[in-house]
Structure formats: C-alpha cells, structure tokens
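This report concerns only the one structure given below.
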Amino acid sequence: MISPLAYVDKSAQIGENVEIYPFAYIDKNVVIGDNNVIMPYASILNGARIGKNNKFHQGAVISATPQDYKYKGEDTIVEIGDNNIFREYSVVAKSSSLEGKTSIGNENYILQGVRLSHDTHIANSCILGNASQVAGNTTIDDYSVLCANVLMKQDTHVGKWSFVQGGCRFSKDIPPYIIAALEPIRYHGVNSVVLKNNDFDEKVIKHITSAYRLVFQGETTDMEEVCRQIKDQIPQSQEIEDIIEFLLNSKIGII
C-alpha cells in the first residue's frame with residue numbers, strides 16, 4: 001500500500017495497513033503506526049512519532065524545522081496520537097530543544113493551513129479552524145475550538161471546552177468553558193450551547209456562569225480573592241474546580 005512514486009527512507013518504521021500515496025515524503029527517524037493514510041505531497045519529516053488511524057491530506061507537513069533561533073539542528077520530536085485529521089497544507093513544527101516536545105493527542109481536527117509551532121501541546125478532540133496560527137510553547141486543552149484565522153500568541157493556554165471566535169487574536173490565557181470573541185478579545189459568555197449538547201447538567205452550567213460573573217464582573221481583579229469567592233459562593237463540582245485551578249495556575253493572566 002506504499003506507492004513506488006513516494007519516497008520512504010529505509011530507516012523509517014512503518015506499521016501495518018499504512019497507505020502512502022504518490023509523491024508523499026517519509027524521512028529518516030520516523031515512526032508511523034498502523035492504519036495511517038498519507039496523501040500525495042504530504043511530508044512526514046525527521047522526528048515524527050505517529051500513532052494509529054491518522055490521515056494527512058495533500059501538502060501537510062509534520063515535524064517541520066522549528067522557527068526558533070534557539071534551535072540548532074538537534075533531533076527533536078513531534079508526538080501525535082490516534083484518529084487525528086490534518087487537512088491540506090497544515091504544518092506541525094517539532095520541538096526546538098531536546099528537553100521539550102510538540103505533542104498532539106487523539107481525535108483532533110486540524111483544518112487547512114493551520115500552523116502549530118514548536119513545543120505546542122494539543123490535547124484531545126480539539127478543532128483548529130482554517131489558517132489559524134498557533135505560536136510556540138502554547139497549550140490547548142480538551143474539546144476546545146479555534147475558529148478560522150485565530151492568532152494564538154506564544155506561552156498562552158486555552159482551557160477545555162472553550163470556543164474562540166474566528167479572526168480573534170490573544171496574548172493572555174482563555175479560561176475553560178467560555179466563548180472568547182470580538183476585538184479586542186474578551187469574555188463573551190459561557191459556551192452553554194455546546195455544553196448542553198454534550199450532556200452537561202444545566203445546574204452545573206448555571207454554576208459556571210455564576211463563577212465567571214465573579215471573575216469578569218466582580219469587585220476585584222485579584223485572582224486569589226476571586227477564587228476564594230468562588231469556593232465560598234458556588235456549589236463545588238469538577239467543572240468549578242477546573243476553573244479555580246486554571247485561574248490560579250495562569251502565569252500570564254487571562255483575557
């Protein structure tokens with residue numbers, strides 16, 4: 001199932017039932033698991049570690065050289081899990097240092113023209129919209145969505161189940177369970193429709209809304225004090241714990 005018109009380095013480790021189409025390029029120091037599909041002109045470069053059942057569309061580039069002055073040619077890596085889709089001309093850069101790595105979990109949908117820079121960490125079941133640009137040393141948690149043409153600056157963090165409106169750019173963290181929208185970007189409510197559609201309890205959604213009312217409309221911007229108020233005033237649940245943990249651990253502040 002490997003086309004004779006594809007280039008596959010002899011040292012590459014290829015699993016079972018892998019389809020490699022004409023003019024695909026598979027570099028040395030590459031591991032590709034079972035049941036992957038690599039379309040024409042897709043490139044899997046040095047340092048790629050790929051799980052099972054992924055599909056790489058035309059022109060996708062995995063384990064690209066990082067655009068980072070610190071990178072001096074080391075054998076760094078990208079780790080990709082299972083059941084991901086990388087659409088046309090998406091680019092994933094490998095880590096810029098031996099101490100780090102770029103990682104992508106399972107069941108993510110990376111749309112056309114998306115760029116994921118060095119040392120990016122994408123969790124599971126995320127959607128990254130057309131032409132979105134994700135800078136280095138960033139993190140996107142489970143079930144998050146970046147719409148088209150989003151600019152995510154370096155060192156930022158998007159919390160789980162968040163939705164970022166198309167065309168937005170941000171240099172601060174986006175907490176979990178919210179919609180981030182407009183220009184300049186700001187809190188635009190709880191991502192309640194998506195949460196309801198995914199069987200979140202309506203009471204929990206109301207508690208999330210109340211917690212964010214304290215965060216964004218309260219009398220203090222001191223996150224430690226805000227978190228104390230959330231603990232005192234909002235019934236506790238895993239979702240509320242997620243919010244408190246995110247706020248307390250944000251190193252650069254939230255939008």
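Rule-based calculations on the coordinates, nothing more; no lab input. Note that this is a predicted model, so its numbers are computed, not measured. Counting neighbours? That spans all protein chains shown, and the Cβs are built from the backbone with ideal geometry, glycine included.
For Gln233 and Ser171, what is the calculated FRET efficiency with R₀ set at 35 Å and r taken between the beta-carbons, to the nearest 0.05?
It comes to 0.70.
Can you list the lysines whose alpha carbon sits under 17 Å from that of Lys70, skipping same-chain ones fewer than 8 residues off?
Lys94, Lys101
Using a 10 Å cut-off around each Cβ, can you sort Tyr109, Tyr69 from fewest to most neighbouring Cβ atoms?
Ascending Cβ contact count within 10 Å gives the list Tyr69, Tyr109.
Of the cross-linked pairs Lys10/Lys72; Lys55/Lys231; Lys52/Lys251; Lys52/Lys153, which ones have a Cα-Cα span greater than 32 Å in the structure shown?
Lys55/Lys231; Lys52/Lys251
Take every Cα-Cα distance within the range 141-181, group them into 5 Å bins from 0 onward, and report for each bin the whole-number percent of pairs it holds.
8, 28, 35, 28, 1
Where the Cα atoms of the range 26-141 are projected onto their three principal axes, how long is each span, largest first, in whole Å?
32, 28, 21
Roughly what % antiparallel, to the nearest 5, for the DSSP beta bridges in the chain?
5
Only one of the listed values, [x] -0.62; [y] -0.87; [z] -0.51, was derived from the coordinates as log10 I(q)/I(0) by the Debye sum over Cα atoms at q = 0.11 Å⁻¹; which label is it?
Only one option fits the structure, namely [x].
Could you pull out every one of the aspartates and glutamates with an alpha carbon less than 17 Å from that of Lys196, ignoring same-chain neighbours closer than 8 positions?
The reachable aspartates and glutamates, counting only those whose Cα sits under 17 Å from Lys196, are Asp142, Glu239.
Take the chain, connect every pair of alpha-carbon atoms lying under 10 Å apart with a spring to form a Gaussian network, then pick out the residue of Leu116, Leu182, Leu146 with the largest mean-square fluctuation.
Leu182
How charged is the neighbourhood of Asn130? Take every other residue with its Cβ under 12 Å from the Cβ of Asn130, and add Lys/Arg as +1 and Asp/Glu as -1.
Taking every other residue near Asn130 into account, the sum is +1.
By the scheme Lys and Arg +1, Asp and Glu -1, what is the net charge of all other residues having a beta-carbon under 13 Å from that of Asp142?
It works out to a net charge of -3.
So how do Val193, Val37, Val92 line up by other beta-carbon neighbours within 10 Å, fewest first?
Val193, Val37, Val92
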